[in-house]
Structure formats: structure tokens, C-alpha cells
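Participant: Below is one structure. I have some questions about it.
The values are calculated or read from the model by the stated rules, or taken from the named source; none is laboratory data. This structure is a prediction, so every number in the text was calculated from the model and none was measured. Glycine gets a Cβ as well: all are built from the backbone with ideal geometry, and neighbour counts include every protein chain shown.
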Amino acid sequence: MSKVHVATQINGEVHEFLCEPEETLLQTLRDTLGMTGTKEGCGTGDCGACSVMLDGALVCSCLVLGVETSGKEIETIEGVAGEDGLHVLQQKFLEHAALQCGVCTPGFIIAAKALLEKNPDPTETEIRYWLAGNLCRCTGYDKIIRAVQDAAVTLRA
Amino acid sequence: MAEAVDYKYIGTRPVRPDGVDKVTGRAQYGADPILPGMIHGRILRSPHAHAMIKSVNLSRALELPGVHAALSGADFPGGIGDEAIGGESGGTMSDLAKNVMARDKVVYHGQAVAAVAAQTPQLALQALKLIEVEYEVLPVVLDVRAAMQESAPLLDPTCITKGVKPEPEKPSNVVSVTTFNRGDVDEGFEQADLVLEREYIVPMAHQGYIEPHGCVAQANEGGAATVWCSTQGHFEFRAATSKLLGMNMADLKFIATEIGGGFGGKTVVYLEPVALLLSQKSGKPVKMQMSREEVFRATGPTSGTYGTAKIGVKKDGTITAAKIWMAFEAGGFAGAPTGPAAMAVFSPYTIENFKVETLDVLVNKPKVAAYRAPGAPQSMHAFESILDEAADELGIDPIDIRLTNAASEGTTAPYGPKFPTIGFVECLEAAKNHPSYKAPVPEGAGRGLAAGFWFNVGMQSSAEVHVAENGTVTVVEGSPDIGGSRASMCLMAAETLGVEYESIRAVVGDTQSTGFSNVTGGSRTTFATGMAVVQACEDIITQCKSRAAATWGVDDDQVEWEDGHCVPKPGVNAEVKPLSLADMAAAAAKTGGPISGRASLNAQGAGASFSVNFTDVAVDPDTGHVEVLNFTAIQDAGKAIHPAYVEGQMQGGAAQGIGWALNEEYIFNDDGVMQNAGFLDYRIPVASDLPMIDCEIVEVPNPSHPYGVRGVGETPIIAPLAAIGNAVAHATGVRINELPLSPPRIVAALDAAHKA
């Protein structure tokens, strides 16, 4: 089967590329576009390491086809830090030592950002359930939860 | 180093130097490098758990357009020998070679049989389907007890058990028996007021790092190659690859990318020799990355175990005798962690009479690899459970029974040496005084407590420290940073040199840029590599003092290093201004050239790290669900260089231990096919499963390290298994000695107890 032409917005910029019909968005981002900030942990939607925003919805990019993103808007970890530097969540992850190996971190930051945009004042339980789709094997989640709580306080101020 | 010391930088919690790249997605992990012309490799894996390979035909795969190379075991020139593998994992080079790519036989489902490299990953998968392999299927043995029966199918018909006398005449699946003895156990049991004997079962479990194994290899036509890989030890990966491919080690450059978790599982090669051979055959750079399913089926989990424990205790809580017998699943090749399991199990206690026997047993499951304190979680689960049951029977508090028997300085460890200063009693006291331990157990819940112990190791490390022309500092070391060690290196360098943390950056050098260093494992990095960094900084101080002395026209020994400056010793009559490291760097051209220090060492005196964990759990009797209400981890770190990353080790280890206790297990069908090879069905703890993990770092400095470091990474996974089990027993009144304490197992046990 021949490749499909796709035009999509990624982190505010228009990208055009050719895509195998069976290629996942994760493969498109990493292999076709070289955006390796989005990580593969499982490829089956169980670990959240490949989390991205697709038209404002939090998705596992391994469960979306690249061709499906035509005409849509994607936000990846590469777009989280802005002209003012790191996003508050990124800063708080660093301050709280909320990462050890760091491979799950891009997914956690995308997912936590989606949570705080929807619910600026989540309880610990709400944070834990929202992030239950993101696996971390290093931290036991303690410092991640605290970083998100602290970021929520700063973002509300 | 027995006294508490006030440090300026050590013990603070600065942001790690590699942090920004990790929160922005810039950091490169094993599967991230992209090279011009790069192609993608994939592995064909055995559909059988035990079979002879009659033939492998690659020709149809090679005919597919876009396929650039294919190989099978016959293409590997090296690695056939009995040489032992270094590092944390057991086994021989010959076994490693067959585990990387099978030769004439497969011994577990998912073992690598052939590989291809093609233009795209999708095309490589298509090509795998064109490889023809003819198998002669053999009977499978999965259960460790069944594997020891005389009638069991033999995985290795040449395997004669080591460690038993007289040497057996017939081959068996038992590779070796490890035994440690002291005193007379029978006499010890006679002296006891209470004797208990129980069976304990712990399932095979995976390290579960989030990053699957990944690498990129690029060979050139002159025989040299560069390999980017996710590894706990790029020097050991280089050595193994060089041996398996018969390549000149000097031609191999191994670059440790960032590593997305390892926990012991990334101390052995799987993909790197395959990717490099595919690169040699194709002339192109080759990327390989495992799927999660491949990670579960074909990389090292740790052993499942079946064992028995027996304990004799007096009314006052004194242990009179203890006995452990435990069979470990090695997987398809020898190398279960039976040695450390046996050495660790009684280490927290002074026991006059004990016997421990551990067996390394072949079964048709993946070859085990190191997993955080290899072997100790299984053996200590048994003993920490039976000790708790004895305490219950005698009406003694679980902390008190441990204090009664606790090892301390001067105690002869079960494995031979006398303990120097250790902190087990301090951990127990800290638990006793902890507000969460003093608080009442929540209504309807149960509390459980257990201890942990790990030796920690030293081994070889190298470090170079370079002072730039403005006095800023680069630390180059060879230990992959798996959880914040660059920050620890910078803190130790800052403390030693007396310069700001912010003026120091640490980098992990490749195999051609820094001296040999063993794996990041054995809880050794902050201890041993830290020691090398400190010594390299001391080398710089010595040079600076000498340069200052020459500048001032005094003798070397008339100069002191004080708070980052060369100063004249008190009484030395020199009208001079102190010289900072920046001053020295600025004047370097006139005093002998750039300032660099180096140290390479085989670190001696690793300090054992003890832990005490306790937890309250609630058990739903209808569903069997266990809710962990709170969890407290207490551990002796010696000295916490960066306390946040020490807590991180304690919290992460606790979560892994809780997962192993409650949910995690390899499930096989009768043919030896793993039934839950994905994160959906092999369920590691998620955020909503856990409470905050409270940490208390105990600091009983290790006298052998300049700042008292013991190493902390491995101990944390041990105690949670029995702590959770003991808590469930107290919540339900029923002892369940088989893990995991999954809902169906709990419901069945409660039903059985109810009927009885």
C-alpha cells in the first residue's frame, strides 16, 4: 500500500509528511518526524509513556494512527516549554526529584498538564486516578504526586 | 567518620544537572538516536519453550525488497566457552551467547532464533514471517519441584549438580547447591520453646523498567564500530559484544545513552551483538528496540522460588536455630541468585545455629537476570514471615523480637566476616519511635513489619575531573546515571573542592573517553564511583597546593586547602592572598598547564544497608482486594548525599516490593507460553494503588567511604514482601505463604479458613 499524505499541526506548527497507513502516531512522531521526546514503553496503551494531546484530548499516541491526525492539532512534550522557559510542571518535577530514570516523565507531564487544565485544584486521590494510566517503575509515584500538587498551587496563584 | 558531620553541599537537594533534558524530551534513550541511512532490526523468537532447532532458512527473508541483512546463531563467530560473565548476573559466556541467539536448541518460549534488518520496522516484521525454522519439539518442565524429579525432561543433558558430595553420577536440572552452616541446627531446635516450619512460594517477577531494551549499532568497513545502548554498564556490554562477535575491543566504542530503568535487568546484553552483526552485514546503522511483549518473554525476570523455612525460638524471643531450603528457577540457563539469597537471609540476626541451602534449577522459562538485591527478596520473605509468625505465637512485638536478635558491630555475618559499624539496631529504634508506628492500627486493618538487608558492593570505577580555564569543573565518570547519580557526583565534588554545586557538571563518558567502570548495580555507584570522584578531586587539591607553593616560594607542605582556596598554613610567613580554584585555573598556563585530576580504583569496604518497613493494610473479605493504607520505609544510607534521590530509591523499591507482594507474577500455560506478557495483565502498581511512601533515612556512616556512603538502591525492595504478607495476616487472621496476595488467592484462603 502506498503512503498517505498527512498535514497536521504539531506544537503550533504545520507539518506535512507521508505516512504508512498502518503506522501509529507514535511511530510517525519518532521515526518519521524525529520527535523522540515522546517515548514508547509498551505500544499497547498500557503505560502512558507516549501520551500526547490530540485536539485537546489526552491520548496514547501508540493507539492512534498517524493518518488519523490529518487536519488535527497535536501537542507533544517538545511543545510544553515555551518562550518563558520551562512549564511550571517541568520545574516542579525537577525541584521535587519526581524523576529518576526519566523515561516516563514526558508522558507524566503531558498527562498532568491535561489534568490541571481541566481541574486546577485536584485532590491527591484525583491526581492518583488521573495518572493511573501512566506507569512509573522508579519513584513509587510519591514525588510525582507532590510535584503535581505543588504545580497546581503555583498555577492557581 | 562515626560522628555526624556538617557538610555544606552534601545532604542538600539541588536540581540534577541532567534534569532539564529529561523533562523536555531532549534526553536520548536507547531507541532515540537517529542516524543517516539507519535501518531497523527485529528478532524472530521461538514459538516453543523447549525444542531442538533442525534448520534455519533465511533465504526467503533476504529476497524481500528492502531487507538488508538476516542472521541466525550460525552467524555468530564467538562466545563458545565456559568463561564466567562478570557483573551482577551468573552464568557462562556460552550460555550468554545462546541466550542472545539460539544455536541448536531453544530452552524457553521467546528465545531469539534469527534476526533481520530492513528499511522500516514494519518491513522487518514482514521479513521475520519469511524465515523458515524447523523444530523438533521436546517436553517442557516449568515447575521448579517437577524439574528436580528424576523423570523430568533435561534442559541440559550434561548438567551435573555442583556443590553436593559425592558428585552425582546422573545429570539433572539442578545446576548447583549453595550451603551455609553454623553450629548444630538440631540441637538449636531442641533448645527452643517454639518451633515452626512452613512452606513459602514467591513467583517469577520482572524488573518492569518502562524503557524496553534498545540500541543503535554502526559498524565500519575497517572493523570498528560505535554502539549507542541503554545499559547499566557500557564497559561490560562492550566486553560481551567483543567476545560474542570476536571483535577487537579497542575498535568498539560503546556509548551509554540515558537509561529508562534497569533494576539489574540491563546488566546483560540481548540486542547489542545482534544489531552490530546486522550492521556489519548490511553496511548500515541498525536500530533495534524490543516490544514490551519481548521484554517480558525474553529478558531476565528474577527467579520464582519454592522453599521451606524452620525456626526455633525461646520464650524471650531468642532465636535458637533457623533453617532455609529454597529452590530457585534459573530459567533456561544456569544463574539464579542462589549465592546472595543464602548469604543475605540471616544477616540481620545473630543466630548460633543455622543451615541454609539454595538450589539453582533449570526450567523452561526465560533466563533470569539480576533484579534489585538478587535473591534476597525471596529468601528473606520466608524468614521475615516465619519470624513474624513466631513473634505472634509468643506475644512479642515484631520490633522487639528483632532487637533481641539484631546483628550489630562485631557480629559475625552468616557469610563469614565480622560486621563493622552497621545500622540495623538504629533502624529498629527509628521504627519504634516513628509516629506512624506509635499510632493505633486503623479500625479493621492489619499492620505488618519486616526487615531487609543487602551487602552492597564496591568494584571498579574511574573518574576524571577537569578544571576549565575559569575554574568551573567537569566530572567525567563511567557509571550510567539511572536515578540521579550525576547530581550525587557533583555534590561530592563540590564538597571536596569547596566550590559551588552550580559550577560543577558531571558527564558519563563512553568506553573510549573514560576509564573502566563496572555496572551501575550492586548499590555501588554513589559509593565506589563517588569515591573515585572524591579521590580525583583530592588529586586536584594536591596539584593546586603544589602550584600555590611554587607561586609563593614556600614548600608544598606549607600550603593548606581551605574552603576551596589554597592558603598558607598557620605560622607560615607568607604575605599572600588565598588562591581560589578559579585563581589557580586562570594562572594554570604559568604554573604547569591545565588542572585535571583522576582516580581509578577497586573500592573496598562497601557498607551493608539494613532496612525496616511497616505498613497498615485493609483487606476486603468479599473481593480479596488489599488496600495499602500507609507505608513507612526506614533505611540506613550511611550518609545521604542527595536525600531526595535516596528517598526515591526507598520509595521506588517499596513500590516494586508491594507490587510483587500483591499482584505481580509470571503466568505460563502448560506449554510454557507466558500468558500475561504485557502491562495490562502483568500489573505493576499504578499511582492509584499506592499511598505516599513515608521515608526515614537513618545515617550510620560507613567508615570506609570519605563521606560515609553505604549505597541504598537494592535494600528497599526486600522488606515489603514480608511486611505486606504480615500485615495481611494480621488483618485477616490467616497466614498465606504464597505470593502474590492477589484477590483470588486471598478469597480462597479466607474461604478455606472459614470452612476449617
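Participant: Looking at the structure I just gave you, is B:Thr615 surrounded by 14 or more Cβ atoms within 10 Å (Cβ to Cβ) and either in contact (Cβ under 8 Å) with a residue 40 or more places away in the chain or not in a loop (DSSP other than H, G, I, E, B) (or both)?
Facilitator: On the way: surrounded by 14 or more Cβ atoms within 10 Å (Cβ to Cβ): yes; either in contact (Cβ under 8 Å) with a residue 40 or more places away in the chain or not in a loop (DSSP other than H, G, I, E, B) (or both): yes.
Here the answer is yes, as B:Thr615 does meet what is asked.
Participant: Based on what the data block shows, is B:Thr231 hydroxyl-bearing (Ser, Thr, Tyr), touching a strand residue (DSSP E or B) at 6+ places or on another chain (Cβ under 9 Å) and outside any strand (DSSP E or B)? Before you say what the answer is, go through the steps one by one.
Facilitator: Working: hydroxyl-bearing (Ser, Thr, Tyr): yes; touching a strand residue (DSSP E or B) at 6+ places or on another chain (Cβ under 9 Å): yes; outside any strand (DSSP E or B): yes.
So B:Thr231 passes the test.
Participant: Just for the stretch B:118-159: of the residues that are free of Cβ contacts under 8 Å to residues at least 24 places away in the same chain and in a helix (DSSP H, G or I), which one is farthest from B:His50 (Cα to Cα)?
Facilitator: B:Gln122
Participant: Kindly establish whether B:Ala115 is closer than 27 Å to B:Gly265 by Cα, surrounded by 24 or more Cβ atoms within 10 Å (Cβ to Cβ), at pLDDT 95 or above and outside the structural domain of B:Gly375 (by TED's automatic domain parsing).
Facilitator: Numbers: closer than 27 Å to B:Gly265 by Cα: yes; surrounded by 24 or more Cβ atoms within 10 Å (Cβ to Cβ): yes; at pLDDT 95 or above: yes; outside the structural domain of B:Gly375 (by TED's automatic domain parsing): yes.
Yes; evaluated as a whole, the condition is true for this residue.
Participant: Grab the strands (runs of 3 or more DSSP E) fully contained in the stretch B:465-565, keeping just those with 1 or more residues being within 30 Å of B:Gly375 (Cα to Cα). Show your work before the answer.
Facilitator: On the way: elements: B:473-477, B:504-508, B:559-562.
Filter on the stretch B:465-565 gives B:473-477, B:504-508.
Participant: Return the residue satisfying two criteria in turn: it lies in the stretch B:184-228 and is outside any loop (DSSP other than H, G, I, E, B), within 28 Å of the chain's Cα centre (by Cα) and among the aromatic types (Phe, Trp, Tyr), and of such residues it is nearest to B:Ile717 (Cα to Cα).
Facilitator: B:Tyr200
Participant: Can you name the residue in the stretch A:129-157 that is at the interface with another protein chain (Cβ under 7 Å from one of its Cβ atoms) and aromatic (Phe, Trp, Tyr) and is also farthest from B:Ala654 (Cα to Cα) among such residues?
Facilitator: A:Tyr129
Participant: For residues in the stretch B:264-298 being without any contact (Cβ under 8 Å) to a residue 60 or more places away in the chain and not hydrophobic (A, V, I, L, M, F, W, C), which is farthest from B:Gly484 (Cα to Cα)?
Facilitator: Out of the qualifying residues, it is B:Glu272.
Participant: Let me ask something else. Do we find a residue being assigned to a loop (DSSP other than H, G, I, E, B), modelled with pLDDT of 95 or more and within 14 Å of chain A (Cβ to nearest Cβ) anywhere in the stretch B:320-338?
Facilitator: No.
Participant: If you check every pair at least six apart or on different chains, which have Cβ atoms under 9 Å apart with a residue in the stretch B:246-263 that is in contact (Cβ under 8 Å) with a residue 12 or more places away in the chain and within 14 Å of another protein chain (Cβ to nearest Cβ) first and a residue that is assigned to a strand (DSSP E or B) and of a type in the set (Ser, Thr, Tyr) second?
Facilitator: B:Thr257/B:Tyr29; B:Glu258/B:Tyr29; B:Ile259/B:Tyr29; B:Gly260/B:Tyr29
Participant: Still on this model: Considering each residue of the stretch B:418-455, count those that are touching a residue at least 60 places away in the same chain (Cβ under 8 Å), part of a strand (DSSP E or B) and farther than 12 Å from B:Phe610 by Cα, and give that number. Break it down into steps so the answer makes sense when it comes.
Facilitator: Just the residues of the stretch B:418-455 that are touching a residue at least 60 places away in the same chain (Cβ under 8 Å), to begin with: B:419-424, B:426-428, B:430-431, B:434, B:436-437, B:441-442, B:444-455.
From what's left, part of a strand (DSSP E or B): B:446-454.
So of that shortlist, the ones also farther than 12 Å from B:Phe610 by Cα come out as B:446-449.
Here the count works out to 4.
Participant: Which ones in the stretch A:129-144 are without any contact (Cβ under 8 Å) to a residue 12 or more places away in the chain and not in a loop (DSSP other than H, G, I, E, B)?
Facilitator: Selection gives A:Tyr129, A:Ala132, A:Asp142.
Participant: Could you list all residues from the stretch B:711-751 that are surrounded by fewer than 23 Cβ atoms within 10 Å (Cβ to Cβ) and part of a loop (DSSP other than H, G, I, E, B)?
Facilitator: B:Gly733, B:Val734, B:Arg735, B:Ile736, B:Asn737, B:Ser742, listed by residue number.
Participant: Does A:Val4 satisfy being surrounded by 15 or more Cβ atoms within 10 Å (Cβ to Cβ), more than 12 Å from the chain's Cα centre (by Cα) and more than 11 Å from every other protein chain (Cβ to nearest Cβ)?
Facilitator: Yes: the conditions hold for A:Val4.
Participant: Any idea which residue in the stretch A:40-63 is farthest from the other protein chains (Cβ to nearest Cβ), counting only those that are of a type in the set (Asp, Glu) and surrounded by fewer than 24 Cβ atoms within 10 Å (Cβ to Cβ)? Step through it out loud before you land on a result.
Facilitator: Here is the first cut: in the stretch A:40-63, the ones of a type in the set (Asp, Glu) are A:40, A:46, A:55.
Imposing the further condition that a residue be surrounded by fewer than 24 Cβ atoms within 10 Å (Cβ to Cβ) reduces the set to A:46, A:55.
Working: A:Asp46: 4, A:Asp55: 20 Å.
Across the stretch A:40-63, the extreme among qualifying residues is A:Asp55.
Participant: Only one residue in A:Gln149, A:Gln100 is in contact (Cβ under 8 Å) with a residue 12 or more places away in the chain, surrounded by fewer than 23 Cβ atoms within 10 Å (Cβ to Cβ) and of a type outside the set (Ser, Thr, Tyr). Which one?
Facilitator: Details: A:Gln100 fails: surrounded by fewer than 23 Cβ atoms within 10 Å (Cβ to Cβ).
Only one candidate qualifies: A:Gln149.
Participant: Looking only at the stretch B:546-560, count every residue that is buried (at least 20 other Cβ atoms within 10 Å of the Cβ) and touching a helix residue (DSSP H, G or I) at 6+ places or on another chain (Cβ under 6 Å) and tell me the total.
Facilitator: Keep residues of the stretch B:546-560 that are buried (at least 20 other Cβ atoms within 10 Å of the Cβ), which gives B:547-548, B:559.
Imposing the further condition that a residue be touching a helix residue (DSSP H, G or I) at 6+ places or on another chain (Cβ under 6 Å) reduces the set to B:547, B:559.
So the count comes out to 2.
Participant: Moving on. Inspect all residues belonging to the stretch B:44-61 and state whether any of them is closer than 30 Å to B:Lys281 by Cβ and within 12 Å of chain A (Cβ to nearest Cβ). Give the derivation first.
Facilitator: Here is the first cut: in the stretch B:44-61, the residues closer than 30 Å to B:Lys281 by Cβ are B:44-61.
Adding the requirement that they be within 12 Å of chain A (Cβ to nearest Cβ) leaves none.
Within the stretch B:44-61, not a single residue is closer than 30 Å to B:Lys281 by Cβ and within 12 Å of chain A (Cβ to nearest Cβ).
Participant: On the given criteria, is A:Leu116 free of Cβ contacts under 8 Å to residues at least 40 places away in the same chain, assigned by TED's automatic domain parsing to the domain that holds A:Glu20 and within 14 Å of the chain's Cα centre (by Cα)? Before the answer, list the steps.
Facilitator: Details: free of Cβ contacts under 8 Å to residues at least 40 places away in the same chain: yes; assigned by TED's automatic domain parsing to the domain that holds A:Glu20: no; within 14 Å of the chain's Cα centre (by Cα): yes.
Criteria not met by A:Leu116.
Participant: Related question: Pairs needed: first member in the stretch B:25-40, of a type in the set (Val, Ile, Thr); second member anywhere, assigned to a strand (DSSP E or B); C-beta distance under 7 Å; at least 6 residues apart or different chains.
Facilitator: B:Ile39/B:His68; B:Ile39/B:Ala117; B:Ile39/B:Ala118; B:Ile39/B:Val286
Participant: In the stretch B:629-645, what residues are more than 10 Å from every other protein chain (Cβ to nearest Cβ) and of a type outside the set (Ser, Thr, Tyr)? I'd like the intermediate steps shown before the answer.
Facilitator: Taking the stretch B:629-645 and keeping what is more than 10 Å from every other protein chain (Cβ to nearest Cβ), we get B:629-630, B:632, B:634-641.
Once the filter is applied, which keeps residues that are more than 10 Å from every other protein chain (Cβ to nearest Cβ) and of a type outside the set (Ser, Thr, Tyr), the stretch B:629-645 yields B:Leu629, B:Asn630, B:Ile634, B:Gln635, B:Asp636, B:Ala637, B:Gly638, B:Lys639, B:Ala640, B:Ile641.
Participant: Just name the residue that is nearest to the other protein chains (Cβ to nearest Cβ) out of those in the stretch A:64-75 that are in contact with a helix residue (DSSP H, G or I) (Cβ under 7 Å, 6 or more places away or on another chain) and crowded, with 24+ Cβ neighbours inside 10 Å.
Facilitator: Among residues in the stretch A:64-75 that are in contact with a helix residue (DSSP H, G or I) (Cβ under 7 Å, 6 or more places away or on another chain) and crowded, with 24+ Cβ neighbours inside 10 Å, the one nearest to the other protein chains (Cβ to nearest Cβ) is A:Gly66.
Participant: Within the stretch A:99-113, how many residues turn out to be under 8 Å from the mean Cα position of the chain (by Cα) and either within 7 Å of chain B (Cβ to nearest Cβ) or at pLDDT below 95 (or both)? Working first, answer last.
Facilitator: First pass over the stretch A:99-113, keeping only residues under 8 Å from the mean Cα position of the chain (by Cα): A:106-111.
Pick out the ones that are also either within 7 Å of chain B (Cβ to nearest Cβ) or at pLDDT below 95 (or both) and you get A:106, A:109.
Result for the stretch A:99-113: 2.
Participant: Can you say whether B:Glu696 is closer than 22 Å to B:Pro374 by Cα, more than 8 Å from chain A (Cβ to nearest Cβ), of a type in the set (D, E, K, R) and out of contact with any Asp or Glu (no Cβ under 9 Å at 6 or more places or on another chain), as far as the supplied structure shows?
Facilitator: no
Participant: Test of understanding: among A:Glu126, A:Glu78, A:Glu117, which residue is at the interface with another protein chain (Cβ under 7 Å from one of its Cβ atoms) and either of a type in the set (A, V, I, L, M) or in a helix (DSSP H, G or I) (or both)?
Facilitator: Numbers: A:Glu126 fails: at the interface with another protein chain (Cβ under 7 Å from one of its Cβ atoms); A:Glu117 fails: at the interface with another protein chain (Cβ under 7 Å from one of its Cβ atoms).
Answer to the selection: A:Glu78.
Participant: Show the residue pairs meeting these rules: Cβ distance below 7 Å; 6+ apart or different chains; first residue within the stretch A:18-39 and more than 8 Å from every other protein chain (Cβ to nearest Cβ) and part of a helix (DSSP H, G or I); second residue crowded, with 23+ Cβ neighbours inside 10 Å and of a type in the set (Gly, Ala, Ser).
Facilitator: That search, which allows pairs on different chains as well, returns A:Leu25/A:Ser61; A:Leu25/A:Gly66; A:Leu26/A:Ser61; A:Thr28/A:Gly66; A:Leu29/A:Ser61.
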